[in-house]
Amino acid sequence: MAKETMITYLDSYLNKKIPDYELALDWDTRNRSFEIAFRIYGENKGQIEIDDVDGVASEEEIIEFEDAILLVDPEKSVYDSEDFLAVIPYEGKKGMKKNELTAVVDYLKDVIEEGQSDLLDFLADDSEDAIFEMTWDEAVFKASIKPTDSSYLPYPSY
């Protein structure tokens, strides 16, 4: 059996832990990063006009929101942290501790579920100043890391 790596563990655990949401796991070998993108949807029953972060207005019946977190090698990856909900470093070829990867997925599930609920609340709120925004709380994430399995899952070989 092949040795478990960051990518094999993430792929398996994401599918097991977050089966009800649309997810994409992308390994960018050149940038030495892993992007976990997700989508949530909400029905815009009143088809009210909604402006996105870029100021683009939409009155679509179904509103789609996409965001992502990025796992990076701080010494080799190039990225703009503004483009991601969270950017989480790992330790190069050594990889990342299994309990930390588990916490990434566990906390991401909570963030997605809360985001889905907040999106539905936002779409039901007809006030002009309503804002929908998802947040990744670094302190909550760190606190969710359990001291169970702190062995490293290595960065995958090509």
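Here are a few things to note about the model shown:
- Restricting region 129-158 to residues that are of a type in the set (A, V, I, L, M, F, W, C) and touching a residue at least 60 places away in the same chain (Cβ under 8 Å), the residue that is nearest to ASP26 (Cα to Cα): LEU153
- Filter pass, LYS45 being out of contact with any Lys or Arg (no Cβ under 6 Å at 6 or more places or on another chain), in contact (Cβ under 8 Å) with a residue 40 or more places away in the chain and open to solvent by 80 Å² or more (accessible area, probe 1.4 Å): yes
- Residue match in region 109-116 (condition: basic (Lys, Arg) and more than 15 Å from the chain's Cα centre (by Cα)): no
- Taking residues in region 62-91 that are without any contact (Cβ under 8 Å) to a residue 24 or more places away in the chain and more than 30 Å from LEU123 (Cβ to Cβ), and partners anywhere that are open to solvent by 40 Å² or more (accessible area, probe 1.4 Å) and outside any loop (DSSP other than H, G, I, E, B), the pairs with Cβ atoms closer than 8 Å and at least 6 places apart or on different chains are PRO74/PRO89.
- Across region 11-20, not a single residue is classified as part of a strand (DSSP E or B) and touching a residue at least 24 places away in the same chain (Cβ under 8 Å).
The values are calculated or read from the model by the stated rules, or taken from the named source; none is laboratory data. For clarity, every value in this text was computed on a predicted model and none was experimentally measured. Please note: Cβ atoms are built from the backbone with ideal geometry, for glycine as well, and neighbour counts cover all protein chains shown. Side chains included, ligands, DNA and RNA excluded: accessible areas come from the protein's heavy atoms. Shrake-Rupley method; radii C 1.70, N 1.55, O 1.52, S 1.80 Å.
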